[in-house]
Amino acid sequence: MTIYSAGWTPSRRTILGILVTALAPLNVAHGQSQQTIRVNVPFSPGTGPDLLARILSEELRQRWNQPVIVENKPGASGNIGTDAAARAAPDGHTLLVTVNTFVMNASLYRSIPYDPEKSFEPIAEIATGVLALVVHPSLNVATFPELIALARSKPGEINYASPGRGTPQHLAMELLKLTAKINLTHIPYPGSAGAVKDLAGGHVSAMFIPIHTALPLAEAGQIRILAVGSQARAQRAAQVPTLAELGVTDFDVDLWYGVLAPAGTPKAIVDRYNAVFNEILAQPGVREVLDRQGLIAQGGPPERLAELIAKDRLRWAKVVKDAQITSE
């Protein structure tokens, strides 16, 4: 490939600049580059992906002695920031930290500017968060079977909230509706805060919310926790049964969070990031911080996250189709 015009002789400085650019990915792989690493979060500050990105970034900065910054680029259910990360140079200096909405959007929207499987190189699953099925006490149900019986006796009369169409909480309830053969009315909100506030105030009757959000509200008597949507019982709420234990088969709606790099990022860089993130996630102090936020540290090889993305893409595509969910 010609890198300069015929008849022009590049200067020594120009040649050095070209070599630095060309070797940047190798420098990252060997921990030599001091170029800033940008961790792209396609959601607002204070969200789960943002919290995880800031924990990983600070730990990474200390280990590699390299500038690491978190950039929040929210909008369009994460599509704007995700597209920006997908378009970044695959040189190891741009990462994406996201949640499983990243996969759900592929089925929810008619077109999105990225492909969950083709536009990125998976690095590692970071953490999972347990979603709890909760109701307001005014619904007068204390158990999951009672909720199902009431919903079947009053089809469409019970409403439930979510932080918005196509969010994990929305699709979790739609999957429950399909599986349990019940009809609830969806009330979408522009975010979690308003939805949870109205749930606690009795303006809506039910919702899937993170277990760490549910516990203090339940202790205050503002909501009742009926079940959790994870495969195993939540460590912080061991007394709460899983929906699988209550007869809802093949029901696992954990939130999962992952870190990825733009497609084409060299394997040496992906592997080095994977190794350091696994080290970070194994630290007791980090696991304690995540536990206080209702998150369970994960880790594992890149292939684990790749399999999770591929599996969830098929799974949620079926839910979106069967429930006739659209982005608007």
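The values are calculated or read from the model by the stated rules, or taken from the named source; none is laboratory data. It should be emphasised that the depicted structure is a prediction, and the values quoted were computed from it without experimental measurement. Quick reminder, even Gly has a Cβ in these numbers, built from the backbone with ideal geometry, and neighbours come from all protein chains shown. Heavy atoms of the whole protein, side chains included, go into the accessibility calculation; ligands, DNA and RNA do not. Shrake-Rupley method; radii C 1.70, N 1.55, O 1.52, S 1.80 Å.
Some observations on this one:
- Taken as a whole, segment 100-113 holds no residue that is out of contact with any strand residue (DSSP E or B) (no Cβ under 8 Å at 6 or more places or on another chain), farther than 21 Å from Tyr257 by Cα, at pLDDT 95 or above and open to solvent by 10 Å² or more (accessible area, probe 1.4 Å).
- Residues that are without any contact (Cβ under 8 Å) to a residue 24 or more places away in the chain, of a type outside the set (Phe, Trp, Tyr) and surrounded by fewer than 20 Cβ atoms within 10 Å (Cβ to Cβ) do occur in segment 120-141.
- Pick from segment 76-94, criterion assigned to a helix (DSSP H, G or I) and over 18 Å from Ser107 (Cβ atoms), ranking: nearest to the chain's Cα centre (by Cα): Gly81
- Pairing residues of segment 282-306 that are modelled with pLDDT under 95 with residues that are hydroxyl-bearing (Ser, Thr, Tyr) and open to solvent by less than 60 Å² (accessible area, probe 1.4 Å), at Cβ distances under 6 Å and at least 6 apart in sequence or on separate chains, gives Ile296/Thr128.
- Within segment 217-242, the set of residues being at pLDDT below 95 and either assigned to a helix (DSSP H, G or I) or touching a Gly at 6+ places or on another chain (Cβ under 7 Å) (or both) comprises Gln235, Arg236, Ala237.
- Scanning segment 279-328 for residues that are more than 19 Å from Leu52 (Cα to Cα), assigned to a loop (DSSP other than H, G, I, E, B) and open to solvent by less than 80 Å² (accessible area, probe 1.4 Å) yields Ala323, Ile325, Thr326, Ser327.
- Taken together, Pro42, Pro25, Pro10, Pro74 contain a single residue that is at pLDDT 90 or above and open to solvent by less than 60 Å² (accessible area, probe 1.4 Å), which is Pro42.
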